[in-house]
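Notes follow the structure.
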Protein chains: 6
Amino acid sequence: MRMLLLNPNTTTAMTDRLLAAALPVASPGTKLVPLTATRGVAYISNRAEAQIAGAVAIEMLAEHHHEIDAAIIAAFGDPGLFGARELFDIPVIGMAEAAMHTACLLGRRFAIVTFAPALAIRSLDGSFRSASDVAEEKEALLLELAQRAIHDDRADVLVLAGAPLAGLAAKVRDRLSVPVVDQVQAAVKQAEAVLALRPRKATSGSFRRPAPKPTSGLGEALARRIEHRDD
Amino acid sequence: MRMLLLNPNTTTAMTDRLLAAALPVASPGTKLVPLTATRGVAYISNRAEAQIAGAVAIEMLAEHHHEIDAAIIAAFGDPGLFGARELFDIPVIGMAEAAMHTACLLGRRFAIVTFAPALAIRSLDGSFRSASDVAEEKEALLLELAQRAIHDDRADVLVLAGAPLAGLAAKVRDRLSVPVVDQVQAAVKQAEAVLALRPRKATSGSFRRPAPKPTSGLGEALARRIEHRDD
Amino acid sequence: MRMLLLNPNTTTAMTDRLLAAALPVASPGTKLVPLTATRGVAYISNRAEAQIAGAVAIEMLAEHHHEIDAAIIAAFGDPGLFGARELFDIPVIGMAEAAMHTACLLGRRFAIVTFAPALAIRSLDGSFRSASDVAEEKEALLLELAQRAIHDDRADVLVLAGAPLAGLAAKVRDRLSVPVVDQVQAAVKQAEAVLALRPRKATSGSFRRPAPKPTSGLGEALARRIEHRDD
Amino acid sequence: MRMLLLNPNTTTAMTDRLLAAALPVASPGTKLVPLTATRGVAYISNRAEAQIAGAVAIEMLAEHHHEIDAAIIAAFGDPGLFGARELFDIPVIGMAEAAMHTACLLGRRFAIVTFAPALAIRSLDGSFRSASDVAEEKEALLLELAQRAIHDDRADVLVLAGAPLAGLAAKVRDRLSVPVVDQVQAAVKQAEAVLALRPRKATSGSFRRPAPKPTSGLGEALARRIEHRDD
Amino acid sequence: MRMLLLNPNTTTAMTDRLLAAALPVASPGTKLVPLTATRGVAYISNRAEAQIAGAVAIEMLAEHHHEIDAAIIAAFGDPGLFGARELFDIPVIGMAEAAMHTACLLGRRFAIVTFAPALAIRSLDGSFRSASDVAEEKEALLLELAQRAIHDDRADVLVLAGAPLAGLAAKVRDRLSVPVVDQVQAAVKQAEAVLALRPRKATSGSFRRPAPKPTSGLGEALARRIEHRDD
Amino acid sequence: MRMLLLNPNTTTAMTDRLLAAALPVASPGTKLVPLTATRGVAYISNRAEAQIAGAVAIEMLAEHHHEIDAAIIAAFGDPGLFGARELFDIPVIGMAEAAMHTACLLGRRFAIVTFAPALAIRSLDGSFRSASDVAEEKEALLLELAQRAIHDDRADVLVLAGAPLAGLAAKVRDRLSVPVVDQVQAAVKQAEAVLALRPRKATSGSFRRPAPKPTSGLGEALARRIEHRDD
C-alpha cells in the first residue's frame, strides 16, 4: 500500500522531518512516498498561501494519484483537501483533520499549540530563525504554551500543529500531563484506518467525481483529470 | 497488543458477529479479545438500557483492564465510554464515535442508518425476529433506507449502526453509491491509531483518574479501582 | 401527592440536608419522601460515578415508582434522568435541569458555582473535609467565587450546584447582588409545576415506554419493569 | 400572593379564557389578578404588533407593579418581557418561555402548534371567525396538526401556543399520544416556582434596574418609574 | 431619493451629530431627512427603553413613510426594526445591522466598542456628563478600549457603537490598526445598496404586510396603517 | 473610483453578462473594469475548481491591484476571497457574501436558488446547453424552484446564485412574491459601501498583510507581492 506524503511547502527539510516522524507508526504494509512542492512558498502560514498551496497540491495529486493508494496533505491547514477528495478516486487525508479527530478519541477538549500566530489558538509570538528547526529552537517556549493550554484552557488533549513541529510530540510527551497528538502520525494512522474499510469512490453525493469540463492554461495532468481524458 | 472487544449486550451471537466483522481489518500485531456482558439486556436500544449497560461496561473493564492494552465498547451508543476513559489507564474507544470520526474523513455529511427507531436518523419501523439476524432479515429494507439517506438527506458517507449490523457494510458496499463505514472495523482501526501514538494517561484535565473515594455495594474489582486499592 | 427525593449518593447526611432545604418551599399538598442510595459512592463527582449512580437511580425507581406521584433525582448531574423518564410513567425531574430552567426565568446568563472542579464552570480547587459539611466549611470561598461569576462572567443569576450546597442559597442571598437559585427548591417547584399540568405518559415519541425485552442478572424490580411483568 | 395576569391584547374575552384555564392549577395562596390592555390590537400576531404591545405591557406594569407580587405577560410572544424584568422589582414571567421551559422537563423535542402562521412551526393556514373562539372552531384541525408534529417532527411534547388556545390542552390531552403543555398553566406554575425561591432583585448584572433618566411624552407611571420618582 | 434618518432618542443634538456624520458618504441622489423622537428617553441604553423606543419608531414611520423612499432607524439596538420592515412598504435599515454586515466585509471578527455597559462587549464603565458629547469627553478612553479589542479579542474590524459615537470613526481611524466602521455611514450606504436593487415589498413570507386588524388607543397614523385604512 | 469586476471563470460571455447586470446600479463615480480569467475552467462548480480558481484570482489581483480601488470576485463561491483580502491593500468583495449580507437586510430567512446542484440549497438537476445562457434556457424552471423556496422553505428573500444568473433578478422580480437579490448588483453596492467608509488596510489582526517570505515557481507579480518586492 503506497501512501503519498505530500508536503505542499517547498522546503525539503520539512518533508524529511515529516517522514521521520511518520515512519515509526506506519504499519508493515504501508510504504510512505514523500513529495515536496516545487512551486509555492517555503512554509504556508496564512490564507493567501493556503489558497495557492491547495491548488498546487491538487496539481501534484493529478500527476501522482495513479501511482498511489492514498495521500496525506501534510500541512496543518489541509490546503486543497476537499477539492482533492472530490477530484480523485483515492482517499485523501489532511493532517489537521486527522489530528483533531484523533484528539477527540482521547478526551473532550483539545487545544492546538503552534509556533505561528495565524494558525492557532495558542501560538508563540516572536520571530524564528528557520521554519524547519523551530521545534528545537522554541521547544521550551512551546512546552510553556502547552502547559497554559492545559491549565488555562482546560485541555484534555494537545495537538502540536504545523509541519515544523512534526515529531515533537514524542520528545515532549513525558513532560506534559495530558495526551499529545503528533499530526503526521495521526494522519498516517487515519489513512490506514480509512483504507482498511476499502471505501468506494462516491458516484453520488457532493464528493462524486465532477463531470468533465473544458479547461485552459492548467497543467497537463490536471487538465486531463478535469476533462476526463485520463480514464 | 491485546484489544478487548467488549459487547455490553448479553447476546453471545452478537459478540461473534462483531468479532467476525472486526478480524479482517485488525493489524497483524492486534489480538482481539471478545467479551460478552453477563448482566443486562439482550440488546440495548433505549436510554434506560444504555444507562444500565454503561455501568455494566465499567464493571467489566474494572475486571479486565489489567490484562489488555485497549478496549472497544462495542455497542453503538458507546455506553459508559467517557466514564471508562476517565477511570482506566488504557485507551477506550466507542463504536459510534469511531464510526462517526472515520466517516468525517470520507466526506462531509454522513447519515446513520439502522434497524431500531430509538437509535438513529433513518431507521426501520417494523419489528424483527432476532436482533442478531436482523442484518440478513432486513437487508433489502436497510439498503432502501440507505438509498433514501443518500438521495434525500444528501449523505456523502453512510454509517450502518447498531451491533447487529456489524459486517453488513462489506456485503452491501457495491450496491451503494457512497462509502459505507462498518462501525466495528472503524473502532478497531481507531483503537490502533490511538495506540500507535502511545498516549499517556492524563494526570490533569477532566480525564485524569479521579481521586480515591469510599464505595459501598459495588463489585469488588470496581470498588478496588474507585478506592485506589488496585495500584 | 407523594414526591420521591432520591439521593443517588450513599450519604444519609446529604439526604437530610436536601430534605431540610426542600421542605420550606413544598406546597401544602406535597409530601416529600427521602431515599438514600444503598449502593454506590459517598458523593458523585465524575463521569464514571455518574454512570454507575444513574443505573442505581433507575434500580431504586423500579422499586418505588408505584408508591409515588413524581420523583426528583437529587444529584446535580441528573444521573439516569432521561432513562428514568423513558422507563417509568411518573414525571422524573433532575436537580440540574430544574435549577437551570428556573434560572432562565430570572435573567439571561446564569453561572454555576460549586465546590468540585469536575462539575462546573466556577469551582473551588482545594480539598475539603466532608462533602456534607462543605457548604459551611467553604462558605466564604464560595461567596467569593460567586462574586467573580457575577462580575467577571457577567452572570444575571447564580446556581449553587451540588447536593452538598443545598440550602446555602437561602443563607447567602442577601450577600449577593443577583438572584440565587437553590437547586433542590427549584426541583420541588418544577416537579409541582409539571404535576399540575397532569401530563400523560407518552405512548409515542422517544419517551414512550420501551417494548418488553429479556434481561439477565438485573435486580428483580428492574427486570420486572423492563420485561413488562409489572403491569 | 397576588399574581397579575396581564393580557397585552385588547380582547376581554381572551383574558377571561386565560383566567379560566389558569385557575385550576393556581396554588391556594395564589390570587390571580386579570388585566386587559386598553390600547393596542385585538390579538397580537406579528412583529410590529408585538413591538407595540410590549411597550403597552411595560406601561401597564408601571401602573400596577406596586400592587402585585409577580406578573405574567399572557401573550405567547412574551412582548416586553425582558424590558419588564429589568425595569421592575417583581418577577415577570412570559407565557412562551414558561411553556417551553416546562416542555423541556417532559421530553427533549417539543413542537409548538398554533393557529396563526406568523407565530409558529406548525400552524393552520386558513382564516378564522374570531380569535377568542378559534380553539373551538378549529379544534379538529389543530388536533390533526398536533398529530403531524408528533409523527413527522418526532415531538416528545406539544405546546399549544397563542392566548386563544389557553385551556385547549386539558380538552385534548387524552386524544394525543404525548404530554401537552398549556401555556398559561405553565406560566402560573413557573411564576409560583420563582416566587418560592424568594429571589432578590438584581442590583448588578444586565437585569439590575436602570439608572434614572429624563423622559418626555410617556405615561405618568412609566415616566415616574424610569426617572426613579417612584421610590 | 429621500432617506429618513429617524433618531428614536429625544435628543436633537444627537440627530445633528448623526446627520453630520452621514452627509459625507451620501450619494448625490440621496436626500437625508432627519427626524427626532418627540416622545421617549434622552438616549436609549437598556431593554425597557428599546422596547418603548421601538414602538415610538413605528409610530413615527406610520406618520412619515409615505413621504420617503427608505428609512434608517438610527439607534444602535435597531429598536422596532423587524416590526417596521414588516408593516411598511419601504426598506428600513437598522444602524446596528448595517454596521455589523459591513464589518463582515472587512474581516472576519469584529468587535463592538461603546460607552455604555448595557450595549456591548467592550464598554466604558464610568458615568459621563452628556450623551451627545461623550465621544469627545471619552475619546482617549474609547481608543484605549478599541486597542484592547484589537489585541485581546483579536478583532479584525471595529464598530464604534451608539448614536453618540457617530462620526468618531473618521477622527480616530488613523490611530487604530484595523478598519473602523462608522455606524450611521454604514447605514446610509446599506440603505442605498438595498434601494439600488429596487426590492419589491414581500407579499408572502414573514415580512409581508399583516392583514388588517382592529386597533384601539393607538395614534391615528399607526391605526390607519394597521387597519389598512391608508391604502 | 475603479472597481475591478474579476471573473475567475474563463468564459468571456459570462463577464459580459456580469457587467451588463452591474452597470445599472453603479454610482456615477464608479468605473467598472471587467477582467476574465485566462487560465482555469469555463465555469466553476465544485470544490476542486474553486480551489484552483481562487489561486488564479489571487494571481490576477497581484497583476492588477495597483490600478484599481476595489475588486469584486465575481463567482458565487467567492474563490480566493479571504486570501485576497489579506494579501492586498484594497477592499475585495465576494459576490456570495455581498448577496447574502444584502439579503439579511431585506428579511430574516433567505434562500439561495441556482442551476447547479453542487452550489446550493435549491438547484436544478438536469444538464444544460451552455452555462452563459442557462438563465434564459431554464428561466421557467428556476422560477418554479424559487416559488418552492418561498413556500416550502419559508424564504423572506431570494438570492439567485451563480454568475450565469446575473441579471435574472431584474427580469423575474415582478413574478416573485418576495424581494430578489442580484448577486453582482449587491457586490457593486457593497464595494461602494465599503469604499465610502475609507477603511484603512489592517496592520494588525488576521487580515494584516503577511510578512515577506521566499517563493518559487509563482507568477512574477504574485511572487513580488508575497516577497514584498512591490513596495
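For this structure, a couple of remarks:
- In chain A, the longest principal axis of the Cα atoms and the axis of helix A:47-64 are about 50 degrees apart.
- Of all the options F:Leu19, F:Leu165, F:Leu145, the one that moves most in a Gaussian network model of chain F with Cα springs shorter than 10 angstrom is F:Leu145.
- Relative to the dominant Cα principal axis of chain F, helix F:183-196 is inclined by about 40°.
- Shielding by partners for peptide A:208-217, expressed as the average number of C-beta atoms from other protein chains within 10 Å of each residue's C-beta, is 5.
- Assuming charge only on the beta carbon of Lys and Arg (+1) and of Asp and Glu (-1), the dipole of segment D:8-108 about its Cα centre is about 340 debye to the nearest 20.
- For chain C, the longest principal axis of the Cα atoms and the long axis of helix C:139-151 meet at an angle of about 80 degrees.
- Accessible surface of A:Ser130 - all protein chains present, 1.4 Å probe, nearest 10 Å²: 30
- Look at the stretch A:98-109: the mean tally of other chain Cβ atoms within 10 Å of its residues' Cβ atoms is 6.
- When both bridge partners sit in the protein assembly as shown, DSSP labels roughly 10% of those beta bridges antiparallel.
- For chain D, the Cβ-based charge dipole about the Cα centre amounts to some 520 debye (Lys, Arg positive; Asp, Glu negative; other atoms uncharged).
- Global size of chain F: 17.7, 55 Å for Rg and Dmax (C-alpha atoms, Rg to one decimal, Dmax whole).
- Using Cβ point charges alone (K and R +1, D and E -1), the dipole size of the protein assembly as shown about the Cα centre works out to roughly 0 debye.
- Within the listed set A:Pro179, A:Pro210, A:Pro28, the Gaussian network model of chain A (springs between alpha-carbon atoms below 10 Å) gives the highest mean-square fluctuation for A:Pro28.
- Each other copy places its own label point for F:Asp89 at 4.8, 5.1, 6.2, 6.2, 7.9 nm from this one, sorted shortest first, where the point lies 7 Å along the Cα-to-beta carbon line.
- Among B:Thr215, B:Thr38, B:Thr102, residue whose mean-square fluctuation peaks in a GNM of chain B (springs only between Cα atoms under 10 Å): B:Thr215
- Using a cut-off of 31 Å between Cα atoms, the listed pairs A:Lys189/B:Lys138; E:Lys171/F:Lys189; E:Lys189/F:Lys201 include A:Lys189/B:Lys138 as exceeding that distance.
- Selection from B:Ala37, B:Leu19, B:Pro91 lying farthest towards where the dipole of segment B:1-131 points positive, charges on Cβ: B:Leu19
- Average beta carbon contacts from partner chains per residue of D:177-184, 10 Å cutoff: 5
- Summing charges over all other residues whose Cβ lies under 14 Å from the Cβ of C:Met1, with Lys and Arg as +1 and Asp and Glu as -1, gives +2.
- For segment F:1-55, convex hull of alpha carbons as volume per residue, Å³: 80
- Among D:Ala202, D:Pro79, D:Leu145 the positive-end extreme of the charge dipole of segment D:76-214 (Cβ point charges): D:Ala202
- Segment C:146-203-segment A:19-73 distance, computed between alpha-carbon centres (Å): 55
- Net charge of Cβ neighbours under 13 Å - reference D:Thr38; Lys, Arg +1; Asp, Glu -1: -1
- Applying a DSSP loop filter and a limit of 12 other Cβ atoms within 10 Å to the trypsin sites (Lys or Arg not before Pro) in segment A:124-228 leaves A:Arg129.
- Simple spin-label estimate for A:Leu141 and A:Lys201 gives 4.6 nm between the two label positions (7 Å along the Cα-to-Cβ direction from each Cα).
- If you take all other residues with their beta carbon under 14 Å from the beta carbon of B:Thr215, and give Lys and Arg +1 and Asp and Glu -1, the sum is 0.
- Alpha carbon convex hull of the protein assembly as shown, volume per residue in cubic angstrom: 166
- Ellipsoid semi-axes in whole angstrom, largest first, where each is sqrt(5λ) of the Cα gyration tensor of segment F:102-231: 37, 20, 13
The values are calculated or read from the model by the stated rules, or taken from the named source; none is laboratory data. If you're wondering where the values come from, they're calculated on a predicted model, not measured in any experiment. Glycine gets a Cβ as well: all are built from the backbone with ideal geometry, and neighbour counts include every protein chain shown. Only protein heavy atoms, including side chains, enter the accessible area calculation; ligands, DNA and RNA are left aside. Shrake-Rupley method; radii C 1.70, N 1.55, O 1.52, S 1.80 Å.
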